[in-house]
Amino acid sequence: MSEPILAAQLYTLRRQMKTPEEIRGGLRRVREIGYTSVQVSGIGAIDPGELRGICDSLGLTVCATHTPLEEILNQTKEVAERHKILGCPLVGIGSGGPLVFNDHPKRSDYRLLARQLNEAGRKLQRFGLRFAYHNHNAEFQKLEDGGIGMETLLRETDPSLVGFILDTYWVQAGGASPVDYIRRLKGRIEVIHFKDMALDAKRSPVFSEIGGGNLNWGAILAACRETGVKTAAIEQDECPRDPFDCLRASYDYLHGTFGLN
């Protein structure tokens, strides 16, 4: 059993990394914290060759992206070329869009989404790339027939074409167990999102740095080891202080408590 490496999910730094100059400085700070990999998501526009050059100079790899599903389906060659330049083997999408985020989710919506995901994975596979779906809590909302959408996605997507970037916070927010889903998705999670959940003064769930919330990280890590998860991308959607400090706190907790790097 091997330990997952730690990556910084750059969506955490989207407000700090809007220009190429800010991206260069931000990546330098990420590397100084100790991260050796990043997921490219939410940052400003930058030429992929320039981004690759910055990462190479700092000793950073790109473990995954978030790329719109429409681009993957309709501009597959361009998406593949961009990822080849970045040296990134995994193309992720951030959500299922309106098929998932609606007030009356139906199984037919999820079956359509599953077909689209299979098609995206098939197209990317022809270019030697892998594909993965990132969940939120909406996938765990009850459907009109009493089921949940996540189960349809698991059942009706082809494991050889569609992986999952499982998000621990959103699984928990959906009322499910991150540990259970990590184990159920054995072989389908290359990159996982580590994100903690705490309660604010009104007892509402809020995003937290790792170790500042209530998720069981010992059990989550054990499941990741057992199932061969390669990379844990640290993400915090909203930060109550400097996001770089939050990324540092998460890294220090996982490194100090579990020896992860």
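Here are a few things to note about the model shown:
- Extension gain from Arg241 to Arg122, taking 0.36 nm per residue of separation minus the Cα-Cα distance: 38.7 nm
- Between the beta carbons of Arg29 and Arg115, assuming R0 = 41 Å, the FRET efficiency works out to 0.50 to the nearest 0.05.
- Kirkwood Rh in Å, taken over all unlike Cα pairs in the chain: 18.6
- Values of log10 I(q)/I(0), in the order q = 0.09, 0.16, 0.19 Å⁻¹, for region 129-261 under a Debye, Cα-only, solvent-free model: -0.27, -0.83, -1.12
- Alpha-carbon Rg with Dmax, taken over region 1-96, Å: 13.1, 40
- A protection proxy built from the mean count of other Cβ atoms within 10 Å ranks the segments 121-128, 11-18, most packed first, as 11-18, 121-128.
- Per-pair calculated FRET efficiency, R0 = 25 Å: His255 and Ala219 via Cβ, rounded to 0.05: 0.85
- All C-alpha to C-alpha distances of region 100-189, sorted into 5 Å bins beginning at zero, yield P(r) values of 3, 15, 24, 25, 20, 9, 3, 1 percent in whole numbers.
- Three principal axis extents describe the C-alpha atoms of region 79-141; from largest down they are 40, 19, 14 Å.
- Cross-link partners of Lys195 among lysines (Cα-Cα below 26 Å; sequence separation of 8 or more within a chain): Lys18, Lys142, Lys186, Lys230
- Charge dipole of region 96-186 about the Cα centre (unit charges at C-beta), most positive-ward option of Leu99, Tyr169, Leu154: Leu154
- Packing-based ranking, highest mean first, of 217-228, 141-152, 182-193 given that Cβ atoms within 10 Å are counted: 182-193, 217-228, 141-152
- Length released on extending from Asp200 to Glu22, taking residue separation times 0.36 nm less the Cα-Cα span: 61.0 nm
- Cubic angstrom per residue, convex hull over Cα atoms of region 133-186: 72
- Toward the positive end of the charge dipole of the chain, with +1 on the Cβ of Lys and Arg and -1 on the Cβ of Asp and Glu, the farthest Cα among Tyr251, Phe140, Cys88 is that of Cys88.
Every read-out reported here was derived from the displayed coordinates using simple, explicitly stated rules and does not represent laboratory data. Since the model is a prediction, treat every value here as computed from it, not as a measurement. For neighbour counting, all protein chains shown are included, and Cβ atoms are generated from backbone atoms with ideal geometry for every residue, glycine included.
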